Every structure is written in structure tokens, then in C-alpha cells.
């Protein structure tokens, strides 16, 4: 249902003194940092409880905000989620109200997500991450119970409302969204071979997109949804191939021995992938129409894999491995800067705001999904689906 917005209070009442926050409304920050010189934005949050408070705390924390007492806050957020969500944001430096909203007709959880998005927009000038095409942003991921093969699941980006969307009863892997659509690509052994399936979530249609002899995996959609990159071994070794979104018009881009994990630049001109070069793992890129391979400088991070290009084109997030430990890393897509290790984890996937990542972390067999603000290193675990959760993909 469409969220209706209206003015909550008159300007005079909004400029009145802000009530103190209760002690139980203040969050302790346990995972913070200043990787790129960013500090969390201090805000005070009062008047909310239950589900509304839970949503606001999650959404704002993973977008670079920290919760403090009113006297230390740059912005004071106050309101209520009794029945419907309503609230305002006061800039304590400018001493003025910068946002006032009330919501109805969508349920507390969705209304709180909408309010969080508007808070982020009002304070930072950038869109929030909660909504995508007038829906709550979704993640697809693999959930595997002990001893099971696993299935592909779908949930809100914070893990709420998780539900399985496959029942293959076979090994599944690597869900990836088709750009701009409620449709997924993923790998499944349902037919006894690692094949790439296409699943339209709106219609329920499912079909094999790539079922060649050998390996068919790691599908990745261009931002506009018109083309797909994937790893196929139909020519002998696993290499990067590109084609139309329906799997036709295939062209082989690489001829290495260990090419994997393709992802697209947002303009569709480049494919970034992991490969082996001079006996060591590297990240590289190649024009999506074919051409010369260029290698990224990932010095200080070993065995890079699983790259994902940020929607604004500025960053590439990836996994590095040292021994048996995995870390989430980021490097500038244009080069000229060092790679940075952020937190422990694997399989990063960018949110549309190009500063938030979802990834999986934890010991093998007990992985959990977590959402990370890249520039402060603050992260929160998502609500859990049954089993070990991994390989998340954010709606594109």
C-alpha cells in the first residue's frame, strides 16, 4: 500500500524543547572505526518502542549513525510508533526542524523503514537503503541446514520475513538479481549438473538459462538487466562469458585457467572478476565487449575473490583470505589508492547507496548475514533464517 505523508506538527511546536531520551533508548556502539575519515553521525532517538524502535535503530546504525544522549546529539529524532509512525528531526546546531512526517496504512515496520529513509535523505542528502521500487529492499541468499544441500531464500534486507523460494533438494549457490527486476539467477544441481537457472519472482516462471556440459555458475546481471556475465567451462576451462539476459548471444571474454566471480561496472562497460596471474590470485577487469585484461592493485590483501562493483562506480568490494580467515575489503575502482580491510567476512554485496554492504560472517556451518556501513565499519547482524546463511545479494 502507498505510504501517505502529512505534516505532523506545526513549526512552533516542533521548535519547542526536545524531551530527554530514556536510558534504555541509547545504544552502545561496539563496532566503529574511521576507515575513510568518516565519523558516525550522533543522533538522539526518543518516543519510539517495540518494532518501530528496532527498525529505526537497525536502519540508521548501518548507514553511519550512532545513538547518544540528547546533549551530545547533532540531530534529535523524536516521535511515536503507537498505531502509526510519526516523527520529526531537529538539527541542534542550526536549531531548526529539518523533517516532519507522519505515515499511515502500511504497518509499523514498513512505516519505520520509510521514516528511516527520509531521515537519511534529510541529514545526508543521499537516499536511504530500506526501499527499492516502492518495496522494502530484498536480499537473496543461500540457507543450509546441517547435513542439507541448502536452498535459495528471500528476505527483507534486515533479515525480516525470510522464506525459501526454491525446493530443489540439491546443491544451490550464487543467487544474483537481474538488474531492475524481481528476478533471480542462481546455480543449482537439480538436474545433476551445476546449471544456471532463471527465476522470475513476479510470475513464478523458472527455467534453465545455461545448462552446458561442465560448470555453469556465478551469473551476474548488468545494471540495466539486459546482459549477463557468467562462468562457463563449455570451452574447457572455467572462463568469463557474456550474453543477453536470456542466455543467447554468448561471447567468451577470458581464457585463463581459474577465472571466477564476474561483476559489472554500473555503466556496463567493464567486467571485474577474480583470476590467477603469475601464480597468484588477482582481481582484474576486461571490457564487456572483449579486449585487454587490466589488473587491480590489491597489495596487502591476499587471494582476492568475489568482487562487487558499487552502483556509483567508485568502489569494488571483495573477499580476501589469509590462511583460513576471510575479510571484507574495498579498493577504489579507478585505482590510485590502497585496498582497505574492513571486517571479517565473505561475499560482500553493495546496497544502492554505495556505502552499505551485506555479507556473511562466522564459522563454517554457522554463517550469519550482516549489514555493514563501509565508512564507519559499524555492522549489525540480520534476523536469522534457519541454518547457515551465506552468499547474500542485494536487490539491484
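Observations on the model:
- Three-way shape call for the stretch 178-246 based on the alpha-carbon gyration tensor, with the a/c threshold at 1.5: oblate
- Orientation-averaged projected area, Cα convex hull of the stretch 255-374 (nm²): 7.5
- Projected-area mean, the stretch 237-291, by convex hull of Cα positions, square nanometres: 3.9
- Each label point was placed 7 Å from the Cα along the Cα-to-Cβ direction; for residue 295 and residue 124 their separation is 3.5 nm.
- In range of the label at residue 322: residues from the stretch 246-265 whose backbone nitrogen is under 11 Å from the point 7 Å along Cα→Cβ: none
- Sorting the segments 123-132, 52-61, 339-348 by their residues' average number of neighbouring beta-carbon atoms within 10 angstrom, most packed first, yields 52-61, 339-348, 123-132.
- GNM result for the chain, Cα springs below 10 Å: residue of 242, 41, 371 fluctuating most strongly: 41
- Taking 1.567 mPa s as the viscosity and 4 °C as the temperature, the Stokes-Einstein diffusion coefficient of the stretch 141-263 based on its alpha-carbon Kirkwood radius rounds to 88 µm²/s.
- Most mobile listed residue (263, 382, 272) in the chain, GNM with C-alpha springs under 10 Å: 382
- Counted over the stretch 44-99 with a bin width of 10 Å, the fraction of Cα pairs per bin, in whole percents, is 23, 57, 19, 0.
- Cα pair count fraction exceeding 40 Å, expressed as % - the chain: 18
- Protection-proxy order for peptides 153-165, 245-257, each taking the mean of Cβ atoms within 10 Å per residue, highest first: 153-165, 245-257
- Between the stretch 154-209 and the stretch 329-347, the alpha-carbon centres lie 28 Å apart.
- Dimensionless Rg over Rh [the stretch 214-321; C-alpha; Kirkwood]: 0.94
- Distance from the stretch 262-276 to the stretch 76-128 (C-alpha centre basis), Å: 37
- Calculated mean residue ellipticity at 222 nm for the chain: -2500 deg cm²/dmol, from DSSP H runs with n ≥ 4 weighted as -39500 (n - 2.57), summed, divided by the residue count and rounded to 500.
The numbers here are math on the coordinates, done by the rules we state, and not lab data. All figures in this text were calculated on a predicted structure; none of them were measured in a lab. Neighbour counts are summed over all protein chains in view; Cβ atoms, including those assigned to glycine, are modelled from backbone coordinates with ideal geometry.
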